[in-house]
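Enquirer: Okay, here's the structure, questions in a sec.
The values are calculated or read from the model by the stated rules, or taken from the named source; none is laboratory data. Quick caveat: nothing in here was measured; it's all calculated off a predicted structure. Here the Cβ positions follow ideal geometry from the backbone for every residue, glycine too, while neighbour counts run over all protein chains shown. Each accessible area value is taken on the protein alone, full model and side chains, heavy atoms only, with ligands, DNA and RNA left out. Shrake-Rupley method; radii C 1.70, N 1.55, O 1.52, S 1.80 Å.
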Amino acid sequence: MPYTKLLYHIVFSTKDRKKALVKTHKKQLFQYIWGIIENKNGHLYRLNGVEDHIHILVGLRPNMTVSNIVKDIKVNSTNWIKEKGYFPKFKGWQVGYGAFTVSEYEKDGLIEYIKNQEEHHKTVTFEEEYRRLLKEHGIEFEEKYLF
């Protein structure tokens, strides 16, 4: 029997980084996304975000791929958002995403970081945050494809 603990920090933005995720209905959106993850037998550790992006800390089983869970979250939540009409400015999610492996040692600090997104983004933009994440994880990128 394999023993695994695969933790991922997933980050993605609204299309064109539109500030569309209004506070009023974010809780319902996050509950819906939690249900998607749970239905795929993933374990949600923390989910939060601000008007233009979200962060997800999730544990996945070895037979699950990050790309599949992100696709499921984006497709299903987009349909749900359109059906509910909670976020009138929402035009979809960005095409790409960031996914970063996380150690058990880093988990609690990252949970706190995700929990405090609103406070964090009073002084740091999404663009600054995303560049920092890419650099911290040694991911080479071309600026013209980021935003």
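Enquirer: Among the residues that make up segment 93-104, is at least one of them open to solvent by 50 Å² or more (accessible area, probe 1.4 Å) and under 17 Å from VAL50 (Cβ atoms)?
Expert: yes
Enquirer: Another question about this same structure. It is to be established whether one or more residues within segment 17-35 are more than 13 Å from the chain's Cα centre (by Cα), open to solvent by 20 Å² or more (accessible area, probe 1.4 Å) and among the small types (Gly, Ala, Ser).
Expert: Yes, segment 17-35 contains a residue that is more than 13 Å from the chain's Cα centre (by Cα), open to solvent by 20 Å² or more (accessible area, probe 1.4 Å) and among the small types (Gly, Ala, Ser).
Enquirer: I've got another one for you. Filter segment 51-86 for residues that are more than 20 Å from LEU133 (Cα to Cα), acidic (Asp, Glu) and not in a helix (DSSP H, G or I) and give the result.
Expert: Result: no residue meets the conditions.
Enquirer: Residue check, ASN41 against (1) assigned to a loop (DSSP other than H, G, I, E, B); (2) within 20 Å of TYR130 (Cα to Cα); (3) among the polar types (S, T, N, Q), all met but one. Which one?
Expert: The one condition ASN41 does not meet is (2).
Enquirer: What is the one condition in (1) in contact with a strand residue (DSSP E or B) (Cβ under 9 Å, 6 or more places away or on another chain); (2) more than 15 Å from LEU110 (Cα to Cα); (3) open to solvent by 10 Å² or more (accessible area, probe 1.4 Å); (4) not β-branched (Val, Ile, Thr) that TYR8 does not satisfy?
Expert: (2)
Enquirer: Looking at PHE100, PHE90, PHE141, PHE126 in this structure, which one is touching an Asp or Glu at 6+ places or on another chain (Cβ under 9 Å), farther than 25 Å from THR4 by Cα and of a type in the set (Phe, Trp, Tyr)?
Expert: Values: PHE100 fails: farther than 25 Å from THR4 by Cα; PHE90 fails: touching an Asp or Glu at 6+ places or on another chain (Cβ under 9 Å); PHE141 fails: touching an Asp or Glu at 6+ places or on another chain (Cβ under 9 Å).
It is PHE126.
Enquirer: On to the next question. Name the residues in segment 115-147 that are hydrophobic (A, V, I, L, M, F, W, C), closer than 19 Å to TYR8 by Cα and in contact with a helix residue (DSSP H, G or I) (Cβ under 9 Å, 6 or more places away or on another chain), would you?
Expert: PHE126, LEU134, ILE139
Enquirer: Next question, about the same structure. Within segment 55-71, identify whether any single residue is open to solvent by less than 70 Å² (accessible area, probe 1.4 Å) and either over 19 Å from LEU6 (Cα atoms) or of a type in the set (D, E, K, R) (or both), and answer yes or no. Walk me through how you get there before you give the answer.
Expert: Going residue by residue through segment 55-71, those that are open to solvent by less than 70 Å² (accessible area, probe 1.4 Å) are 55-60, 64-67, 69-70.
Among the residues that remain, those that are also either over 19 Å from LEU6 (Cα atoms) or of a type in the set (D, E, K, R) (or both) are: none.
No: segment 55-71 contains no residue that is open to solvent by less than 70 Å² (accessible area, probe 1.4 Å) and either over 19 Å from LEU6 (Cα atoms) or of a type in the set (D, E, K, R) (or both).
Yes or no, residue by residue, for (1) small (Gly, Ala, Ser); (2) touching a residue at least 12 places away in the same chain (Cβ under 8 Å):
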residue	(1), (2)
ASN39	no, no
GLY42	yes, yes
VAL66	no, yes
TRP93	no, yes
TYR105	no, no
GLY109	yes, no
LYS115	no, yes
THR123	no, no
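Enquirer: Give segment 36-50 a look and list any residue that's touching a helix residue (DSSP H, G or I) at 6+ places or on another chain (Cβ under 9 Å) and either under 18 Å from ALA99 (Cβ atoms) or open to solvent by less than 100 Å² (accessible area, probe 1.4 Å) (or both), or say none.
Expert: Answer for segment 36-50, where residues must be touching a helix residue (DSSP H, G or I) at 6+ places or on another chain (Cβ under 9 Å) and either under 18 Å from ALA99 (Cβ atoms) or open to solvent by less than 100 Å² (accessible area, probe 1.4 Å) (or both): ILE36, ILE37, LYS40, GLY42, HIS43, LEU44, TYR45, ARG46, LEU47, ASN48, GLY49, VAL50.
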